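The values are calculated or read from the model by the stated rules, or taken from the named source; none is laboratory data. Keep in mind it's a predicted model, so treat the numbers as computed, not measured. Cβ atoms come from the backbone with ideal geometry, glycine included; neighbour counts cover every protein chain shown. Quick note on the areas: whole protein, heavy atoms, side chains included, nothing else; ligands and nucleic acids left out. Shrake-Rupley method; radii C 1.70, N 1.55, O 1.52, S 1.80 Å.
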Amino acid sequence: MNIAIIDKVMLNFFSELQNYFALIGRTLVRMFDRPFYYREFVIQFDKLGFSSLFICILSGLFTGMVMALQSLIQLKPYAATSYVGGMVAITMVKELGPVLASLMVAGRVGSAITAELGTMVVTEQVDAMRVEGTDIVKRLVVPRLKAMLLALPLLTVMVDAISLLGGYIMASGYGINPIMYITGIPQFMVFQDLIEGLVKPVVFGFLIAMTGCYVGLNTRGGAEGVGASAKQAVVLSSVLILVTDFFLTKIFVAFRG
Amino acid sequence: MSSSYTIRMEKICYSVGGRKILQDFDFCLERGVNRTILGISGAGKTTILKLMLGLLQPDSGQIFIGDLCITNLPESRFMQQRKCIAIVFQGGALFDSMTVGENVGYRLFEEGRLPLPEIERIVLEKLRFVGVGPALNLYPAELSGGMKKRVAIARALAADPDFIFFDEPTTGLDPIGVYNICSLMQRLQAEGKTTLMVTHDLATAFATSQRFTFLHDTRMLFEGSEAEMRGSPISEVREFLKPTDESLFV
């Protein structure tokens, strides 16, 4: 490849990265500034949180059922099927719950944030807001970020809970009673696991909101540009979630010593 | 701010993706002199409006609102000076998620200086001025193209600016819609507002402006009155005013 092309690609990449971090910086600075745009926050919380509830419940339920089924098949030869509750819980709460909920939200909501902001950019609504004296970051980015930071952990808790229920539905078919199922959970989990399971969606929520907003606000072109941006935001958020999940897990493991 | 202040551009260069849009461009908008910037599509007319508002940053050169140079200043630093300018975007740029009333009163709600009943009174007054009073509680998606433009004008008027920029205000409108917009602009001018319009609609331009600027190939090719423009010896200007077969596919 021509060196000039590599140079251009690298320059473009670092320029985008710099702008991304600049937006994050400006957003964090403005998070506690007035005005707070409560109405916008409530609208966004409804859009980001409640609208994703059904899809999260559905994916949590079936993932819990699959997890339980696979665990039961593995545990049965060792007569250890009573541990199924613990296995489903530890897998879902620490890893699958946060990642699954985040991927669902990234696909459903991250793209919606990008498409909405992208449409506002190409129809000059963002320019109109700026001319009217509005701080775009405070008005458009901060409420979405706050809503996501609150909604995603709640959705994750919901996914965790529903997946445990799904796991029990499968386990009951193998003669596991509710007491056995529930008492198996603390044998596999400690309090720190719950904390880890709640820190991850906060970080993932931050990434989804910031990526969605950044890509949306940098949309160019017309309808085609909006579509391309929405796709880009979903891919970028999903990859960031998976990569960040690995590093977060490494950090949590290091803290445990 | 003084009543004789101006918005000025000095030696502005602006390019997008390596393509030069403006090259050493000088321009001055004085209060009380209604102007139109003319030129073919893609000549950089809208870019000039956005540069003057600080929505775009030039590659080089300086832009002044009054005495303040806004080039490379953060928006928060010239927000106060920019309040004297409003713009009516080409598509209206009304906020989809808000009603017509909320759109018109947007800046007043944001500033939070006036009590709610006062804002409502101003909103109604501006909507009546542009003739869309009954649309107060409708959403932009429920309006026709002409109504959107008029609501956008009402929104521009709500903050009582000195300068109003119009970006292709008559594009896509039927003759009655064009007439309405022209007569609105004339009424605004009679009330002391200064208008700057970019368009390629000559009839609207000549009906609403005293001075004309013609853009061609990144530069200002002509500046003057209607009579001077009609009598201009510059071939590009003549071609623009009266296209011939030679301009086909150019």
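The 3J(HN,Hα) values that the Karplus relation (6.51, -1.76, 1.60; θ = phi - 60°) gives for segment A:207-221 are, in residue order, 5, 4, 5, 5, 5, x, 5, 4, 5, x, 6, 9, 5, 10, x Hz. Gly and Pro appear as x.
Solvent-accessible area of residue A:43, all protein chains in place: 70 Å² (probe radius 1.4 Å, heavy atoms, ligands and nucleic acids excluded).
Per residue, how large is the accessible surface of chain B? Use a 1.4 angstrom probe and give square angstrom.
I get 46 Å² per residue for this part.
Shown for segment B:109-151: residues covered by the partner protein chains by 20 Å² or more of accessible area relative to the chain by itself (probe radius 1.4 Å), namely B:110. Helix A:142-172 axis versus longest C-alpha principal axis of chain A: approximately 20°, rounded to the nearest ten. Under 5 Å from the amide H of residue B:197 lie the amide H atoms of B:35, B:36, B:37, B:166, each residue being 5 or more positions distant or on a separate chain, with H modelled from the backbone and absent for Pro and chain starts. The mean sequence separation of alpha-carbon pairs under 8 Å and at least six residues apart, normalised by the residue count of segment B:1-102, gives a relative contact order of 27 percent. In this structure residue A:183 has an accessible area near 80 Å², from a 1.4 Å probe over the protein heavy atoms. Using only side-chain charges placed at the Cβ, +1 for Lys and Arg and -1 for Asp and Glu, the dipole size of chain A relative to its Cα centre rounds to 200 debye.
Relative contact order of chain B, please, whole-number percent, based on alpha carbon pairs below 8 angstrom and at least 6 residues apart. Relative contact order of chain B: 24 percent. Estimated from the Cβ-Cβ distance and a Förster radius of 30 angstrom, the FRET efficiency linking residue B:227 and residue B:144 is about 0.25.
Give the residue list of chymotrypsin sites (Phe, Trp or Tyr not before Pro) in segment A:171-257 that are DSSP loop and have at most 16 other beta-carbon atoms within 10 angstrom. Here the sparse-neighbourhood loop sites are A:174. Burial of accessible area (probe 1.4 Å, heavy atoms of protein chains only) in segment B:76-107, relative to its chain alone, reaches at least 20 Å² for B:79, B:82, B:89, B:93, B:95, B:96, B:98, B:102, B:106, B:107. Of the residues A:70, A:243, A:152, the one whose Cα sits farthest toward the positive end of the charge dipole of segment A:37-256, with +1 on the Cβ of Lys and Arg and -1 on the Cβ of Asp and Glu, is A:70. Counting only protein heavy atoms and a 1.4 Å probe, segment A:37-256 has 44 square angstrom of accessible area per residue.
Taken about its Cα centre, the protein assembly as shown carries a charge dipole of about 840 debye when Lys and Arg each add +1 at the Cβ and Asp and Glu each add -1 at the Cβ.
Between residue B:113 and residue B:24, the distance separating the two model label sites (each 7 Å from Cα on the Cα→Cβ line) works out to 4.2 nm.
For chain A, with all protein chains present and a 1.4 Å probe, just round the carbon and sulfur fraction of the accessible area to a whole percent.
Whole-percent figure for carbon plus sulfur exposure: 72.
Bridgeable lysines around residue B:83 (alpha carbons under 18 Å apart, same-chain partners fewer than 8 residues away excluded): B:50, B:126, B:193.
Accessible surface buried by the B/A pair amounts to about 1700 Å², both sides summed, 1.4 Å probe. The helix-based estimate of mean residue ellipticity at 222 nm for chain B, built from -39,500 (n - 2.57) per DSSP H run of four or more residues and divided by its residue count, is -10000 deg cm²/dmol to the nearest 500.
Look at the alpha carbon pairs under 8 Å that are at least 6 residues apart: their mean separation over the length of segment A:37-256 gives a relative contact order of 36 percent.
Average partner chain C-beta neighbours within 10 Å, per residue of A:116-128?
Whole-number average of other-chain Cβ neighbours for A:116-128 is 5.
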